[in-house]
């Protein structure tokens, strides 16, 4: 049964995950795990955990909404710097995208 193609997404795996999650929460393990995590954040593991989080975030796909806001803010700065000319929105937008792309390369 596990070899059966279920199309987009694996419904059997999703059901198993959801059931395991229910057992975990229902078993009273959540509070103990939260206390352990809090102690780790307050203890000697803190720096290692923060570095691991930063490394993971640096590899994460960029958030399109955040990226769009950065381009918008930079395009506005360019528009103001150039004296607020009319009709050059697309040019400023492209310039902002290019500048931000160079910054992340």
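The values are calculated or read from the model by the stated rules, or taken from the named source; none is laboratory data. Since we're looking at a predicted model, the values are computed, not measured. Positions of Cβ are generated from backbone atoms using ideal geometry, with glycine treated the same way; all protein chains shown enter the neighbour counts.
Assorted remarks:
- From 77, 38, 86, 45, residue being over 25 Å from residue 102 (Cα atoms), in the same structural domain as residue 99 (by TED's automatic domain parsing) and out of contact with any helix residue (DSSP H, G or I) (no Cβ under 6 Å at 6 or more places or on another chain): 86
- Condition check for residue 70: touching a helix residue (DSSP H, G or I) at 6+ places or on another chain (Cβ under 9 Å), modelled with pLDDT under 95 and assigned to a helix (DSSP H, G or I): yes
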